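Following: one structure in structure tokens, then a few remarks.
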Amino acid sequence: MLVITTVKELQESVRKVKADGKSVGLVPTMGALHNGHLSLIKRARKENDVVVCSIFVNPVQFNNPEDLRKYPRTLDRDVEFIHDYADIVFAPSAEEVFPVPPTETYHYGVVEQVMEGAARPGHFNGVGVIVRRLLDWVQPDRAYFGEKDYQQIAVIRELVRQCNISTTIVPCPIVREDSGLALSSRNRLLTAHELEITPNIYRILQESKNQPDVPEIKHFVETEIAKYPEFQLDYFEVTDDTTLQP
Ligand code: PAF
């Protein structure tokens, strides 16, 4: 496995691979890798000759400086974790990716105006900025994203459509702990007590399926979540799976 840190090396490595007629799969990540990321990398491995995994905590997609400061950074461990599955790891510095502050702006229409788009202003623009650059540099045949961030996939699909990018976006299923907790890099920040109670989120979602209609489902989830003083619900929505409208 090759670990590289510059855009020039990345482009050269990919150019060589493509000159040999090989297909390339890209798995963009922000590191603190877990089995959810590994499932994307393994899928990319199956469907492409060469797998590139990027590891970059993208500052421009954080609208909360404290969240950026606390985001787990475990590069050495990450490299070891995916050693047998990825061919190229691209782990650049912020200066390498953004030699000057980025000024691009993206508009994704209705899919960005709800949920995370409404709750985290600028977040999806920052995602678009980094994903567009990675797709430009690697020009992969396929790029892999986890359905845990379902709205992010909708936004990236729209980005790819608007910019006529030929990469196929491949959504991959959520991977969960046995407890039902969805794997996430930020789970490392949870206390023992929080880890104990968070599986209730999945349990409540599963149980909500027994409710007869959308208003009852919303009421059920909001009421059940409110039983845990540790949880603070930002939003719960039932939406169309393409437009993401309620
Ligand atoms: O899903 C993530 O980890 C990030 O949003 C991504 C796609 C790697 C862009 O920084």
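Laboratory data are not the source of any read-out in this text; all were calculated from the coordinates shown. The structure presented is a predicted model; accordingly, all values stated were derived computationally and were not measured. Note: ideal-geometry Cβ built from the backbone for every residue, glycine included; neighbour counts use all protein chains shown.
Restricting to Cα atoms and excluding each atom paired with itself, what does the Kirkwood estimate give for the chain in Å? Kindly include the intermediate steps, with their values, before the conclusion.
On the way: mean 1/r = 0.0516 Å⁻¹.
With all distinct Cα pairs of the chain included, I get 19.4 Å.
Report, for the chain, the % of DSSP beta bridges that are antiparallel, rounded to 5. Spell out each step's value before the answer.
On the way: 1 of 20 bridges.
Expressed as a percentage, antiparallel bridges in the chain total about 5.
With only alpha-carbon pairs counted, each pair once and no self-pairs, how large is the Kirkwood hydrodynamic radius of the stretch 1-102 in angstroms?
14.3
Report the calculated FRET efficiency for Y235 and D20 (r = Cβ-Cβ distance, R0 = 35 Å), to the nearest 0.05. All intermediate terms of the calculation are to be shown ahead of the outcome.
Details: r = 48 Å, r/R0 = 1.36.
After rounding, the FRET efficiency stands at 0.15.
Apply the Karplus parameterisation 6.51 cos²θ - 1.76 cosθ + 1.60, with θ equal to phi minus 60°, to every residue of the stretch 150-161 and state each ³J(HN,Hα) to the nearest whole Hz, in sequence, with x for glycine and proline.
4, 5, 4, 5, 4, 5, 5, 4, 5, 4, 5, 5
More than 17 angstrom separation, counting every C-alpha pair in the stretch 103-149; what % is that? Don't skip to the end; give the middle numbers.
Numbers: 451 of 1081 pairs.
The calculated P(r) of the stretch 103-149 puts 42 percent of pairs beyond 17 Å.
Using per-residue counts of other Cβ atoms within 10 Å, averaged over each peptide, order 63-75, 17-29 from highest down. Write down the numbers at each step before the final one.
Values: 63-75: 12.7, 17-29: 18.8.
Final packing ranking: 17-29, 63-75.
With +1 on each Lys and Arg Cβ and -1 on each Asp and Glu Cβ, how big is the dipole of the chain about its Cα centre, in debye rounded to the nearest 20?
640
Where in the stretch 175-193 is the amide nitrogen less than 19 Å from a point lying 7 Å along the Cα-to-Cβ axis of N64?
What the label zone holds, given the 19 Å backbone N cut-off, is 182-193.
For K46, list the lysines whose Cα falls under 22 Å from its own Cα; do not include residues on the same chain fewer than 8 positions away.
The reachable lysines, counting only those whose Cα sits under 22 Å from K46, are K16, K18, K22, K148.
Using alpha-carbon pairs under 8 Å, 6+ residues apart, how would you state the relative contact order of the stretch 140-206 in percent?
Details: 55 pairs, mean separation 20.2, N = 67.
For the stretch 140-206, the relative contact order is 30 percent.
Using a 10 Å cut-off on Cβ atoms, rank the peptides 179-192, 150-163 from the highest mean neighbour count down. Working shown, then result.
Values: 179-192: 14.4, 150-163: 18.6.
With the highest mean Cβ count within 10 Å placed first, the list reads 150-163, 179-192.
Of I55, I174, I225, which is the most mobile in a GNM of the chain whose springs link Cα atoms less than 10 angstrom apart?
Top of the fluctuation ranking is I225.
Under the √(5λ) rule applied to the eigenvalues of the Cα gyration tensor, what semi-axes describe the equivalent ellipsoid of the stretch 153-206? Give them in Å, descending.
Details: eigenvalues 212, 29, 17 Å².
For the stretch 153-206, the ellipsoid semi-axes come out as 33, 12, 9 Å.
Taking only C-alpha pairs under 8 Å that are 6+ residues apart, what is the relative contact order of the chain in percent? Mind showing how you got there, number by number?
Working: 350 pairs, mean separation 52.4, N = 246.
Relative contact order for the chain comes out at 21 percent.
Among 7-13, 125-131, how do they line up from the highest to the lowest mean number of other beta-carbon atoms within 10 Å?
Numbers: 7-13: 15.6, 125-131: 22.6.
Sorting 7-13, 125-131 by mean packing, highest first, produces 125-131, 7-13.
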